[in-house]
Amino acid sequence: WSKFGGVQLGCITYSWRSMPAGLENIVKYCKQSNINSIELMSADLETYLGIPENPANAWREQMMAQMRQQPQAAPAGGPRPAGGPGGPGGPGGFGRMQYTPEQQAQIDKYNQDVVEFRKNIDMNKVAQAKQFLADNGIDAHIVKFAPARWSDDEIRYAFKVAKAMGAGAITEELSQEAAERLAPFADEAKFPIAFHNHMQYATEGFSCDPILAAGEAVMLNFDTGHYFGSTGKEFTI
């Protein structure tokens, strides 16, 4: 579909973040856009795999409904945006959620359940996800797990699942800390971790060389748009 002159074009599924999520919807959006190669956000994949649902999602929806009905009123019960209605993220934003002790207990249990889910992932379900994409002519060339802050077991899960999905790499945000954390796991799995840039190249003296030196399987998921937008410099190969 989206290969022209031997050059494969694709899309990160984050581009559809304002639309209904889920692997089934991603397939629909790909067909509508004539895209057959994607950088797959892990939330869409893990939902398909059966990851426990975050209870905060329902609380967030409840808060939004209350704020739409009474824009100037703080939500009655449930989590509140830090700093008052709208939160520090601006009008209509959430900012950092503040939970009751009971809700925090639910969040803590959810986090534990997620770790257990990842440690005991059913690889047959991963195979089904890959086949579902393949049956629709779609290849996940990257899976964006962004696992630098995860436990060791969860990081190994990310590499195992991305490899089983037929991806060429996992994506993580570009930083020296993340590179040093993930490089040993990438080398162990013999599977690339590709770091995605935002504004880093606009920082005077910045170099990605120390990041690339963290391990043999460390690569770049180089975003030319972010590079030009932050530096004003054109990029040539």
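The values are calculated or read from the model by the stated rules, or taken from the named source; none is laboratory data. Every value quoted in this text rests on a predicted model; they were computed, and no experiment measured them. Neighbour counts are summed over all protein chains in view; Cβ atoms, including those assigned to glycine, are modelled from backbone coordinates with ideal geometry. Each accessible area value is taken on the protein alone, full model and side chains, heavy atoms only, with ligands, DNA and RNA left out. Shrake-Rupley method; radii C 1.70, N 1.55, O 1.52, S 1.80 Å.
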Exercise. Of Ser33, Ser42, Ser18, which has the largest mean-square fluctuation in a 10 Å C-alpha GNM of the chain?
Worked result: Ser18
Exercise. Taking the range 177-233, how much of its Cα-Cα pair set, in percent, is spaced more than 19 angstrom apart?
Worked result: 32
Exercise. Tell me which lysines have Cα within less than 30 Å of Lys125's Cα, excluding those fewer than 8 residues away on the same chain?
Worked result: Lys3, Lys28, Lys31, Lys109, Lys144, Lys160, Lys163, Lys190
Exercise. What's the angle, to the nearest 10 degrees (0 to 90), between helix 176-189's Cα axis and the longest principal axis of the chain?
Worked result: 60
For this session: Please name which of Trp16, Phe145, Ser42 has its Cα lying farthest along the dipole of the chain towards the positive end, using unit charges on Cβ (Lys, Arg +1; Asp, Glu -1) and the Cα centre as origin.
Result: Trp16
Seminar exercise, completed: Once all protein chains are kept in place, Ser207 shows an accessible area at probe 1.4 Å, nearest 10 Å², of 50
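Counting pairs of Cα atoms in the range 126-237, how many percent are more than 18 Å apart?
When every Cα pair of the range 126-237 is considered, 52 percent fall beyond 18 Å.
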Exercise. Taking every pair of alpha-carbon atoms in the chain, what share in percent sits in each 5 Å bin, from 0 to the bin with the longest distance?
Worked result: 1, 6, 11, 14, 15, 16, 15, 12, 7, 3, 1, 0
Exercise. Measuring from label point to label point, each 7 Å out along Cα→Cβ, what is the Val114 to Gln69 span in nm?
Worked result: 2.9
Exercise. Based on the Cβ-Cβ distance of Leu212 and Glu188, what FRET efficiency does E = 1/(1 + (r/R0)^6) give at R0 = 25 Å, to the nearest 0.05?
Worked result: 0.90
